[in-house]
Amino acid sequence: MVMEEKHKSSESRSKESFIVQIANPMLHDRLHTLSVEYSISEEMFVNIAIKRLIDDVELVRNLRLGRIKPE
């Protein structure tokens, strides 16, 4: 399980926290191994992966809507 905290940029910072449950034990082992190998927290790896997933979904949506032309 991994916790993420999101800080909003305002004077009164509020946090959003949620838990990500990794159902696949092998995936968790690989995540832990990468975390140790690169000295980056597991939470950071999860945040990066989620950000990339969201960016990929947004790219596909924009391609589908014709906002971006394929090269």
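What follows is calculated from the coordinates using simple rules that are stated; it is not laboratory data. Keep in mind that this is a model prediction, so the values were computed, not measured. Quick reminder, even Gly has a Cβ in these numbers, built from the backbone with ideal geometry, and neighbours come from all protein chains shown.
With a cut-off of 13 Å between beta carbons, the residues surrounding Leu59 carry a summed charge of +2, where Lys and Arg count +1 and Asp and Glu -1. Stretched out straight at 0.36 nm per residue, the stretch from Arg64 to Ile50 would grow longer than its current Cα-Cα span by 2.9 nm.
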